[in-house]
Amino acid sequence: MQGTAAPLAVLGRLVASMLLGAVVAWIYQRTRPASDTSSSLAVTLVLLSILIAMVTQVIGDNVARAFSLVGALSIVRFRTVVRDTVDTAFVIFAVAVGMAVGASHPSVALGGIVVVGAAAWFMTRGQRALAGEAGAAAYLLQVRVGLGHDVDSLLGPALSAHARTRRLVSMVTAKQGMAIEVSYRAELPSEQSAGELVKALNRVEGVESVSLNLETTEER
């Protein structure tokens with residue numbers, strides 16, 4: 001990139017990076033389970049595409065300016081922990097799209113969106129198909145436990161016995177701090193297992209309530 005780009009060209013690149021960043025965010029939300037997606041990360045993907053396009057245009061071919069910007073931007077840190085390696089891949093995806101647009105290579109950004117989007121879609125469909133063939137169904141499990149109990153040791157045996165997989169979604173206090181409400185995303189092999197899990201948890205001393213809801217395809 002030589003010289004200084006015309007203001008309209010700069011604006012056009014930033015608008016293009018915003019639109020393509022929105023496509024990246026849309027792919028992220030459509031190919032990830034609802035329980036695994038973050039609305040703040042979706043917004044971050046759009047803003048990141050625009051910011052990287054801006055940085056790329058500021059740097060141009062000036063190596064000294066590139067090192068200066070690296071030093072200036074090194075103070076920026078993500079305060080939210082990225083929970084999944086796939087989320088990290090989408091962050092890198094947004095960076096690559098913004099850099100391609102900022103460097104006047106929109107064809108690279110468009111090609112990347114098509115290929116990465118198709119790969120994410122097909123792999124997500126494949127994972128859901130395998131889960132369906134195995135007979136597993138995803139449930140949202142919410143359990144309220146009295147204060148003073150170790151949640152993992154209290155619920156672990158019943159969950160291990162009846163759930164194929166489980167992942168902690170949230171843990172909050174309830175009843176003015178007198179109880180803990182824990183939410184899991186669990187995959188159960190059958191509807192019979194769902195009933196057995198609820199019965200097993202209700203028999204555990206210290207468990208105050210149990211709620212188990214089947215996740216719909218849209219939620220997942």
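The values are calculated or read from the model by the stated rules, or taken from the named source; none is laboratory data. Because the structure is predicted, anything quoted here is derived from the model rather than measured. Note that we place each Cβ from the backbone using ideal geometry, even for glycine, and neighbour counts take in every protein chain shown. SASA here: full protein model, heavy atoms, side chains in, ligands and nucleic acids out. Shrake-Rupley method; radii C 1.70, N 1.55, O 1.52, S 1.80 Å.
When segment 165-190 is filtered for residues that are open to solvent by 30 Å² or more (accessible area, probe 1.4 Å) and closer than 15 Å to L140 by Cβ, the ones remaining, listed by number, are T165, R166, R167, L168, V169, S170, M171, V172, E181, R185, E187. Only one of the numbered conditions (1) under 28 Å from the mean Cα position of the chain (by Cα); (2) open to solvent by 70 Å² or more (accessible area, probe 1.4 Å); (3) at pLDDT below 75 is violated by L51, and that is (3).
When you look at L73, is it open to solvent by 40 Å² or more (accessible area, probe 1.4 Å), modelled with pLDDT under 80 and not charged (D, E, K, R), yes or no? Considered against the rule, which asks whether it is open to solvent by 40 Å² or more (accessible area, probe 1.4 Å), modelled with pLDDT under 80 and not charged (D, E, K, R), L73 comes out as yes.
Taking the conditions (1) open to solvent by less than 50 Å² (accessible area, probe 1.4 Å); (2) modelled with pLDDT under 85; (3) in contact with a Gly (Cβ under 8 Å, 6 or more places away or on another chain) in turn, A103 satisfies each one other than (3). Filtered by the rule that a residue be part of a strand (DSSP E or B), within 12 Å of R144 (Cβ to Cβ), hydrophobic (A, V, I, L, M, F, W, C) and touching a residue at least 24 places away in the same chain (Cβ under 8 Å), segment 154-213 gives A174, A179, I180, V182, V207, V210. Would you be able to tell me the number of residues in segment 164-211 that are out of contact with any Lys or Arg (no Cβ under 9 Å at 6 or more places or on another chain) and of a type in the set (V, I, T)? Of the residues in segment 164-211, 4 are out of contact with any Lys or Arg (no Cβ under 9 Å at 6 or more places or on another chain) and of a type in the set (V, I, T). Scanning segment 1-42 for residues that are open to solvent by less than 70 Å² (accessible area, probe 1.4 Å), within 12 Å of the chain's Cα centre (by Cα) and modelled with pLDDT of 75 or more returns A25, I27, Y28, T31, R32, S40, L41, A42.
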